[in-house]
Amino acid sequence: MTSQLVHTTIQVHQVSSSLGAEIAGVRISGDLDPTTVTDIRHALLRHKVIFFRDQHHVDDATQRAFASLLGTVTKPHPTVAGDGDAVLPIDSEYGKANSWHTDVTFIDRIPAISILRAITLPPYGGTTSWANTVRAYEKLHPSLKALADKFWAVHSNLYDYAAERDEKRIGGIDVKEQARRDEFRHLEFETEHPVVRVHPETGDRSLVLGHFVRRFVGLNSHDSQDLFHLLQRHITRLDNTVRWNWRPGDIAIWDNRATQHYGVDDYDSHPRLLHRITLAGDIPVSVDGIRSTPRRGDAAHFSPVAT
Ligand SMILES: O=C(O)CCC(=O)C(=O)O
Ligand SMILES: [Fe+2]
């Protein structure tokens, strides 16, 4: 079957001074022409998270076809089976991503881009926030930049043990949530990343931190925690974020090399489901040109390394 490539002139409406833009004039599909794809990519690199409204026609196959115009589609996740092919369900029944993070930083080849599509939304709440990790770095005091430039951090998918033990003791989590956590950590990954990476496409410096950090290389746990909170606080200050109120038919795409995000858990026990497709990324490089080092686990089954 042959299909006609579709050219559109996209309209970009910036949402905040820190990051985020709404893109109008595009019907998401696998048949967009190269110029339109290039325009979308430029908007993504510039605004770091872009939003498309009213894409009600998009199903998993269309989301995947569109994703492959922007890069190499990964498996759903290094440890979670998802649909076995490409789609990772973000399903409130199995847990909530209400913690600031960059996706999958516990492996060496951190995904470049994530594409998230709303399927079932709660009647209230359930927004997602993104933070700009390039702007956070740029706004640091020069002495703090110099400090951050030198440090490396250990990221792991086994991040949460202490909190989990506490929850169990007080009669906490249900069977489904426990099963999801067990799947999440059935393989162990640990990677050392520079705290500051050089973005492979823009050359910008960006802070690589978030939920999966366990400690900084060479620091004890107290100093690690203090340094983590100091830098993480600059990333997540409200002036450095954008918050998106999902509507049916919405698709969000973020540059996972330049952002963190947080799924706000303010919708009680209402069901919420989104489908994520992830694109392969490169291995981060420090400001001194040194690449991240995997310490545990081999992520080759998840994705190739983007070049
Ligand atoms: O639930 C959300 O809003 C965010 C989900 C998330 O972290 C992700 O899709 O990577
Ligand atoms: Fe995420």
Exercise. Could you identify the single residue in 42, 57 that is free of Cβ contacts under 8 Å to residues at least 12 places away in the same chain and surrounded by fewer than 17 Cβ atoms within 10 Å (Cβ to Cβ)?
Key: 42
Exercise. Restricting attention to the range 103-114, report how many residues are near ligand 1 (Cβ under 9 Å from one of its atoms) and in contact with a strand residue (DSSP E or B) (Cβ under 6 Å, 6 or more places away or on another chain).
Key: 2
Quiz item: Considering 240, 245, which residue is of a type outside the set (Gly, Ala, Ser) and closer than 24 Å to residue 55 by Cβ?
Solution: 245
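Are there any strands (runs of 3 or more DSSP E) wholly within the range 221-307 with 1 or more residues that are in contact (Cβ under 8 Å) with a residue 12 or more places away in the chain and crowded, with 23+ Cβ neighbours inside 10 Å, and if so which? First the steps, then the outcome.
Working: elements: 241-244, 251-255, 259-263, 273-279, 293-296.
Strands (runs of 3 or more DSSP E) meeting the threshold: 241-244, 251-255, 259-263, 273-279.
So is residue 230 touching a helix residue (DSSP H, G or I) at 6+ places or on another chain (Cβ under 7 Å), at pLDDT 95 or above and not charged (D, E, K, R) or not? Talk me through it step by step, then tell me what you get.
Values: touching a helix residue (DSSP H, G or I) at 6+ places or on another chain (Cβ under 7 Å): no; at pLDDT 95 or above: yes; not charged (D, E, K, R): yes.
So residue 230 fails the test.
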Quiz item: Can we say residue 130 is within 12 Å of ligand 1 (Cβ to nearest atom) and crowded, with 22+ Cβ neighbours inside 10 Å?
Solution: yes
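For the range 93-110, which residues satisfy the criterion of being within 12 Å of ligand 2 (Cβ to nearest atom), assigned to a loop (DSSP other than H, G, I, E, B), out of contact with any helix residue (DSSP H, G or I) (no Cβ under 8 Å at 6 or more places or on another chain) and not acidic (Asp, Glu)?
The initial filter retains those residues of the range 93-110 that are within 12 Å of ligand 2 (Cβ to nearest atom), namely 95-105, 110.
Add one more test, that the residue is assigned to a loop (DSSP other than H, G, I, E, B), and what stays is 95-100, 102-105, 110.
Keeping just the survivors that are out of contact with any helix residue (DSSP H, G or I) (no Cβ under 8 Å at 6 or more places or on another chain) gives 96-99, 103-105, 110.
Within the range 93-110, 96, 97, 98, 99, 104, 105, 110 qualify.
Test residue 267 against the stated conditions and say whether it is near ligand 1 (Cβ under 10 Å from one of its atoms) and of a type in the set (Ser, Thr, Tyr). Break it down into steps so the answer makes sense when it comes.
Numbers: near ligand 1 (Cβ under 10 Å from one of its atoms): no; of a type in the set (Ser, Thr, Tyr): yes.
Considered against the rule, which asks whether it is near ligand 1 (Cβ under 10 Å from one of its atoms) and of a type in the set (Ser, Thr, Tyr), residue 267 comes out as no.
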Self-check item: Per-region count, the range 50-90, residues within 16 Å of ligand 2 (Cβ to nearest atom) and either in a loop (DSSP other than H, G, I, E, B) or at pLDDT below 95 (or both)
Solution: 10
Self-check item: Residues within the range 203-214 that are at positive phi and either touching a residue at least 60 places away in the same chain (Cβ under 8 Å) or not in a loop (DSSP other than H, G, I, E, B) (or both), tallied
Solution: 1
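The values are calculated or read from the model by the stated rules, or taken from the named source; none is laboratory data. If you're wondering where the values come from, they're calculated on a predicted model, not measured in any experiment. Using ideal geometry, Cβ is built from the backbone for each residue, glycine included, and neighbour counts are taken over all protein chains shown.
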